[in-house]
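Please read the structure below before turning to the comments.
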Amino acid sequence: MHITARQYDQAARLGWTAAHADAIAWAAAGDLHQDARGFYRTGVRGGRGRAIARARILALETAGFLTVTGTAVILTDDGRDALAAWRAVSPAPAAEEAEDLAPLYGGREATRRYREWHAASTRYEAEVRARLEATLARAEESYAAEEERRAVRAAAEVSRRYATVWDAINAPAEEPERWDDGTVQTITGAAVEHAARFDSPTPAAAAAAAVPARHRRTPARPHHPAPVRTARHRRAHPAGHPGGRPVRRARRATTRTYPTR
């Protein structure tokens, strides 16, 4: 009997116990049925037959190996392929029954589940993409609105700041009213040059000859009282000493001799 590599993979991934294999074999022979009390193997112990664990049959049905129609428990195409791989390879059965069995590797139930998963994944990705695009659109709209508000505030601020400062600096100033004839009084009399500058239309109109020469005044020297010289001050600051600081003379070295014994 030729065993394919696919059958090896399928048999290794079934995860059946010996009881699972027996239930599949009984279904293939048409010996399984159900009633209101549960599942039974016909032809055994008379009457209904031998009871089969409900959880086992339901696990095989969920995995796509069995289908229940009325009172009959029928083997599916995946169930026939799985039974063939099990009988051909004869793998070691599992020690404990699993609550959930994996479908036949590469079978119809596995393909159906994959297609459902792929369709659900596609729908989920589309929903996530739509939510992301909507979020980005709202964020861009909010950002654009905020930029517009910032531009309006900046324009208003610029208009407020520069309009007032610019007008204050460059607006034509009104000529102030004069309360005198424009002369400037000093200690020597009226400063004619100032009056000439105020009265003349331009500074160049005031001739240099019209401006009298000012009297040169020597600024007063600051008055400092003469220091009081005492005897101690004269000793510390002798007359004619360039630095004005007392001269310290070095002591003359002396040599002392001590008698020796």
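The values are calculated or read from the model by the stated rules, or taken from the named source; none is laboratory data. Everything numeric here is computed off the predicted structure, so don't read it as measured data. Note: ideal-geometry Cβ built from the backbone for every residue, glycine included; neighbour counts use all protein chains shown.
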Q: Being within 20 Å of Gly107 (Cβ to Cβ) and hydroxyl-bearing (Ser, Thr, Tyr) is the filter; apply it to segment 1-41 and report the residue that is nearest to the chain's Cα centre (by Cα).
A: Tyr8
**Q.** Matching entry among Asp81, Asp77, Asp100 (being crowded, with 18+ Cβ neighbours inside 10 Å and of a type in the set (Asp, Glu))
**A.** Asp81
Q: State whether one or more residues within segment 110-120 are within 22 Å of the chain's Cα centre (by Cα), surrounded by 10 or more Cβ atoms within 10 Å (Cβ to Cβ) and of a type outside the set (A, V, I, L, M).
A: no
Q.
Taking the conditions exactly as written (at pLDDT 85 or above and surrounded by fewer than 17 Cβ atoms within 10 Å (Cβ to Cβ)), does Ala27 satisfy them or not?
A. no
Q.
I'd like to check something: does segment 89-97 contain any residue that is surrounded by 20 or more Cβ atoms within 10 Å (Cβ to Cβ) and either in a loop (DSSP other than H, G, I, E, B) or touching a residue at least 12 places away in the same chain (Cβ under 8 Å) (or both)?
A. no
Q | Candidates Tyr40, Tyr8, filtered to the one that is in contact (Cβ under 8 Å) with a residue 24 or more places away in the chain, surrounded by 14 or more Cβ atoms within 10 Å (Cβ to Cβ), over 19 Å from Arg112 (Cβ atoms) and not basic (Lys, Arg) | A | Tyr8
